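Report on one structure; see the data block that follows.
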Amino acid sequence: MIDGHIHIEYGDYTLEWIQQFVNRAVEMQLDEIWLLEHNYMFKEFAPMYDSVCAHSEFVNDWFHRKACMKSYDKYLELINRIREKNFPVKIKFGLEICYFKGYEDLIVKLTKDKEFDFLLGSIHFVGNFAFDHKAKLWEGIDVDEIYDKYFEDSISLAKSHIFDGIGHPDSIKLFGHTPSYSLTDYYDRLAKELSNSDMYADQNSGVERRCSNTASLGMSPELIRILKKHNVRIVTSSDAHCPEDVGYKIKELDDIVLRA
Ligand SMILES: [Zn+2]
Ligand SMILES: [Zn+2]
C-alpha cells in the first residue's frame, strides 16, 4: 500500500522527524510513503500568491502566518541526506504546488533539475477564491460558476505538462456544495488530459478527515470509473500533516477504487 501525499511541514529537517513518519508507515503496513512540502513554505514561490493575498484580507493573513517559513535549499539538502540511508519503506520526495494559470514558467524554473521524485499540482484557489479554507467563504458564491472554473483550471493543470499528478481532483466538494449540472463531461475531459500527460490522480482521504459531515471519502465513484476507463493511475494518500495521520483510511481508499 502507498501513502502518496504526506506533509512534513510541522517539523525541522532532521532524520529524527522523518523517522517518525517511517515508524508510523511501518505500523500501518505501508510499502511506500511520498513526503512533500507545500510550495508556499518557500519564499521563492511567494509571487504566485500576490493576487490572492491582494484580493482577501483572510487569505493575506493566512499567507503571512503560514507561508515562507522554511528554506528551499535546506529541504533539498534533507532529501539528499535521506536518500543516502536505508529505511524499511520506500520514500519519495516531492512538492505539492498550487496551480495558478500564468505561473507555469516560474514553477518550471524553480523545480527543474532539483531531482524531486514527483510534483503534485493542486487547485487550492479558483481564481482568487480560497474555496477550501472555510465554509463561510462560500456565502454568496455562484456554485455552478465555481465548479466550471475549478474543472477548467484542473484541465489546464493537466495540460501544462509540469506535474506528475493532480492533487485531490474533486476536493471542490469539501463543504457539500454541488452544481446543478452533471459533471460527467468534465470528468471525461480531465481524465483524457491526465492520460495524455501521463499523470496520476491522488485518491486522498484528507478532505473526508477534515470535513466528514459534508465530504465522502476519496474521489466520487463516477470520476474513478472514468479515470480507470482512460487508464489513469490512481495513487492513494492521506494528506497527513503529522505522523499520526500517515496511512489514514488507505485500505478503504483502495477498496473504493477496486469497487468503483
Ligand atoms: Zn492540497
Ligand atoms: Zn496536501
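Considering only segment 7-15, I want to know if a residue exists there that is assigned to a strand (DSSP E or B) and out of contact with any Ser or Thr (no Cβ under 7 Å at 6 or more places or on another chain). Yes, because at least one residue in segment 7-15 is assigned to a strand (DSSP E or B) and out of contact with any Ser or Thr (no Cβ under 7 Å at 6 or more places or on another chain). Against the conditions (1) open to solvent by less than 20 Å² (accessible area, probe 1.4 Å); (2) touching a residue at least 40 places away in the same chain (Cβ under 8 Å); (3) more than 16 Å from ligand 1 (Cβ to nearest atom), ILE6 satisfies every one except (3).
Checked against the criterion of being more than 16 Å from ligand 1 (Cβ to nearest atom) and crowded, with 21+ Cβ neighbours inside 10 Å, segment 176-189 has at least one qualifying residue.
The residues of segment 27-75 that are exposed (fewer than 15 other Cβ atoms within 10 Å of the Cβ) and aliphatic (A, V, I, L, M), listed by number, are ALA46, ALA54, MET69. Only a single item in (1) over 26 Å from MET199 (Cα atoms); (2) assigned to a strand (DSSP E or B) is not met by ASN23, and it is number (2). Scanning segment 136-176 for residues that are under 14 Å from the mean Cα position of the chain (by Cα) and part of a helix (DSSP H, G or I) yields SER154, LEU157, ALA158, SER171, ILE172.
Taking the criterion of being assigned to a helix (DSSP H, G or I), among the acidic types (Asp, Glu) and within 16 Å of ligand 2 (Cβ to nearest atom), no residue of segment 26-51 qualifies.
In segment 207-218, what residues are within 26 Å of ASN231 (Cβ to Cβ) and open to solvent by 10 Å² or more (accessible area, probe 1.4 Å)? Across segment 207-218, the qualifying residues are VAL207, GLU208, SER216, LEU217. In segment 186-207, is there at least one residue being free of Cβ contacts under 8 Å to residues at least 60 places away in the same chain, outside any helix (DSSP H, G or I), away from ligand 2 (no atom under 16 Å from the Cβ) and charged (D, E, K, R)? Yes.
Listed here are the residues, each with its yes/no results for (1) assigned to a helix (DSSP H, G or I); (2) in contact with a helix residue (DSSP H, G or I) (Cβ under 6 Å, 6 or more places away or on another chain); (3) away from ligand 1 (no atom under 15 Å from the Cβ).
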| position | (1), (2), (3) |
| --- | --- |
| LYS92 | no, no, yes |
| GLU96 | no, no, no |
| GLY102 | no, no, yes |
| ILE107 | yes, no, yes |
| ASP113 | no, no, yes |
| GLY121 | no, yes, no |
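Which one is nearest to THR236 (Cα to Cα) among residues in segment 152-175 that are surrounded by fewer than 22 Cβ atoms within 10 Å (Cβ to Cβ), within 16 Å of ligand 1 (Cβ to nearest atom) and not charged (D, E, K, R)? Among residues in segment 152-175 that are surrounded by fewer than 22 Cβ atoms within 10 Å (Cβ to Cβ), within 16 Å of ligand 1 (Cβ to nearest atom) and not charged (D, E, K, R), the one nearest to THR236 (Cα to Cα) is LEU174.
The requirement of being assigned to a helix (DSSP H, G or I), over 19 Å from the mean Cα position of the chain (by Cα) and at pLDDT 95 or above is satisfied by LYS74.
The values are calculated or read from the model by the stated rules, or taken from the named source; none is laboratory data. Since the structure is predicted, the reported quantities are computational estimates derived from the model, not experimental observations. Because the Cβ atoms are built from the backbone with ideal geometry, glycine has one as well, and the counts that use them run over all protein chains shown. For accessibility, only protein heavy atoms count, side chains too; no ligands or nucleic acids. Shrake-Rupley method; radii C 1.70, N 1.55, O 1.52, S 1.80 Å.
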